[in-house]
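Structure first, commentary second.
The values are calculated or read from the model by the stated rules, or taken from the named source; none is laboratory data. As the structure is a computational prediction, the values presented were derived from the model and not from experiment. Note that we place each Cβ from the backbone using ideal geometry, even for glycine, and neighbour counts take in every protein chain shown. The area values use the complete protein model at the heavy-atom level, side chains included, leaving out ligands, DNA and RNA. Shrake-Rupley method; radii C 1.70, N 1.55, O 1.52, S 1.80 Å.
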Amino acid sequence: MQQMKLSDILLQGKVLSQEQIDKASKHAEQTGVRLRESVVKLGFATEEAIAMAVSKMLRVPFASKENKILVPEKDQSLATIIDERFARDNTLVPLFLDDSHLGVAMAEPENILLLDNLKLMTGFEIEPFIAAKSQIMKVIDEFYGSSGGGLIDKVMAKKEDESAGDATGGDDVDVTSDAKLDLDKMVAEARGAQVVTLVNAILKQAIGERCSDIHLERYDERVMLRFRIHGVLYERTPPSLDNFAAVVSRIKILTKLDIAERRLPQDGSFSLKIQNRSIDLRVSICPTVFGEKVVMRILDKGAVELNIDKVGFEPRQKVDFLKAAESPHGLIFLTGPTGSGKTTTLYTVLNTIKTPEMNFMTIEDPVEFKLEGINQVQVRAQIGLTFAAALRSFLRQDPDVILVGEVRDQETAQTCMRAALTGHLVLSTLHTNSALESIVRLTDMGIEPFLLSSCLRMVAAQRLVRTLCPTCRMVVQPDKDVLAMCVKDSLLDPPPDPAKLVIYQARGCPKCSQTGYSGRIAIYEIFYITAKLRDAIYKKSGDMTLLKEIAVSEGMWNLRASGWRKVIAGITTPEEIMSITIGD
């Protein structure tokens, strides 16, 4: 294959004039993009027209889905010859293997250096085909079983002259907003008719991938879009730099925020419907040196099952938690970092003990899910509706059970204590690294040890660990030290036989988007306040070592022990437990 510059190919193929070549070359230099992308961006030619011209001039076969060539052969282990990252970085996909020849669809078959690298890397003679970049990226998504773009790539590939009426994202996405007409007008004025479709596509894809948070941020020369899936951030196809401001404005309008304000942080929320599912999104926008960063927390009630048998409790832990939750009065504290599932656990417990004979009230910031039969109140600090203020009002509402979203200050802690002492059951959360540290934190807030010991019923901590994909998990022979740690730290009685333990490892398959994991489950440390612990809190509430010794002697265990039991059950991996419970 002869080596030719793309500009010569387009000129000789009469796709572009010399004047257009010069304009596209200048634009490419100014923006730092390739000539091919500049030509498409300026509207001088489509990806398909460029590909057809290269095919004709270099005598490289043209591949597309329409002519049935851009379809990788199955059962040839092509994914092991060219991995996904290399394919994405170089916009190419393997098609077939025929003896010593490897067919590869490429966006740039004129790149001799890339062809040479492919030959050295694979050990095969390369038979190049040319295809449009957007089609190659779609095939990569399908072939490698990854959803790393998919729906968003389809939107990005649409022509910019698509009408705003066709860019609503489909009937299955219904965004709840009073500002839709204003947004469409703004997008039309900015020649950004794709923006409505693009935002809807991002939301739809994120929900489809069971994403918990969407991160959209701008840097000097690029935009980054990331989805947090099972606690880990994964990159997805981002909007272009040109579309970034319009996308942020669209999100602001949906959230009813000030579009003109770009110097101060803003927070809000909105709702949408996808396939008859109602989903809430909490939006936080923060100004950075390169532009605004947007984080959207997805709250999908349909994806949360408030079943106490499925949150991750070990049998003994479930008994202890319910025993404390069914007490007529007292305090229950659940600790853990943000995003560790504390609210879901408390909702599950409330849903389990809920009866028509009892009055349940909650004060939250924010109210994440609306629960039937429970009176929920949203904190509004700007008008004086704080946790403490709401609690004081609750005590005049004849409650039986009160949920306080978080104890952040001395006033809230003392009000919780008074509610527990006057015959109410109070459940709340604290930000501490372990369950027993919450006792020290409360005494530091000014709660007297004798009061704390008299009304505290239980302290607990939790973390979320990723669960193995049941389709592709594989058995491994773990390191002897890891196996010994698993047996010892699980605190099982009697301890398991190391020779009979079956330990699994993550592998990756299309069903789990090659991550090896298919969800998350909680691990807990639950310390029910026994008579010995109550006495120790009263006498030496700050002695963590003593409190731990008593808890262990009473048959309780920490987070790591709970985690190792999940490993032994084949639910997760040793690596996941050791990374999550590093403090233990």
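Computed from label points 7 Å out along Cα-Cβ, the spacing between R380 and S454 is 3.7 nm.
Near the amide H of V104, within less than 5 Å, lie the amide hydrogens of L95, E127, F129, all on another chain or at least 5 residues away, with H placed in the peptide plane. Estimated at the nearest 10 Å², the accessible area of K256 is 140 Å² with a 1.4 Å probe. Simple rule: put +1 on each Lys or Arg Cβ and -1 on each Asp or Glu Cβ in the chain, find the dipole, and look at M485, Q205, P356; the Cα lying farthest toward the positive end is P356. Each of F143, I582, T80 was placed along the dipole of the chain (beta-carbon charges, centred on the mean Cα), and the one lying farthest toward the positive end is I582.
Put the Cα centre of segment 430-468 next to the Cα centre of segment 247-273 and the gap is 36 Å. For segment 277-366, the list of GluC sites (Glu not before Pro) that fall in a loop by DSSP and count at most 13 other C-beta atoms within 10 angstrom reads E305, E326, E357.
Going down the list K488/K511; K370/K532; K310/K500, which pairs span over 32 Å between their C-alpha atoms? Violating the 32 Å Cα-Cα cut-off are K488/K511; K370/K532.
Rounded to whole Hz and in sequence order, give me ³J(HN,Hα) for segment 13-21 from the Karplus expression 6.51 cos²θ - 1.76 cosθ + 1.60, θ = phi - 60°, writing x for Gly and Pro. Values per residue, Gly and Pro as x: x, 6, 7, 10, 8, 4, 5, 5, 4 Hz.
Per-residue surface analysis assigns D213 an accessible area of about 10 Å², computed on protein heavy atoms at 1.4 Å probe radius. For S269, the residues whose amide H sits under 5 Å from its own are V283, ignoring neighbours fewer than 5 places away on the same chain, with H placed 1.01 Å from N. Per residue of the chain, the DSSP helices (runs of n ≥ 4 H) give a summed -39500 (n - 2.57) that works out to -11000 deg cm²/dmol at 222 nm. The lysines within cross-link reach of K252, meaning a Cα-to-Cα straight distance under 16 Å and a gap of 8 or more places when in the same chain, are K180, K185, K293.
Using 1/(1 + (r/R0)^6) with R0 = 51 angstrom and r between the beta carbons of S579 and I69, what's the FRET efficiency to the nearest 0.05? Numbers along the way, then the final one.
Working: r = 44 Å, r/R0 = 0.87.
For S579 and I69, the calculated efficiency is 0.70.
Using a Förster distance of 56 Å, how high is the FRET efficiency between T31 and D309, based on the Cβ-Cβ distance and rounded to 0.05?
Numbers: r = 56 Å, r/R0 = 1.00.
Given R0 = 56 Å and the Cβ-Cβ separation, E is 0.50.
Computed from backbone phi with θ = phi - 60° and the Karplus coefficients 6.51, -1.76 and 1.60, the 3J(HN,Hα) list for segment 446-458 is x, 7, 5, x, 5, 6, 4, 5, 7, 10, 6, 9, 6 Hz; x is used for glycine and proline. Residues of segment 455-497 with amide nitrogen under 18 Å from the 7 Å Cα-to-Cβ point of T80? 472-475, by backbone N distance to the label point. The heavy atoms of I582 offer some 140 square angstrom of accessible surface to a 1.4 angstrom probe.
Using Cα atoms only, what is the angle between the long axis of helix 559-568 and the major principal axis of the chain, expressed in degrees (0 to 90) to the nearest 10? Between helix and principal axis, roughly 60 degrees.
On the beta carbon distance between T530 and S278, with R0 = 45 Å, the FRET formula returns roughly 0.55.
For the pair N433 and D398, the difference between a 0.36 nm per residue extended length and the Cα-Cα distance amounts to 9.2 nm. Candidate cross-link partners of K566 among the aspartates and glutamates, defined by an alpha-carbon separation under 14 Å and a same-chain spacing of 8 or more, comprise E314, D489, E525, E575, E576.
One Cα centroid belongs to segment 530-584, the other to segment 3-78; the line between them spans 61 Å. Note on exposure: L547, L113 ranked by accessible area (1.4 Å probe, complete protein assembly) read L113, L547, with the most exposed listed first.
In this rough spin-label picture, where each label sits 7 Å from Cα along the Cβ direction, the D116-D267 distance is 5.7 nm.
Only one item in (i) 49, 31, 27; (ii) 76, 24, 20; (iii) 54, 31, 18 matches semi-axes √(5λ) of the Cα gyration tensor in Å derived from the coordinates shown, and that item is (iii).
Cross-link partners of K540 among aspartates and glutamates, defined as those whose alpha carbon lies under 20 angstrom from its own and excluding same-chain residues fewer than eight positions apart: E437, D444, E448, E549, E554.
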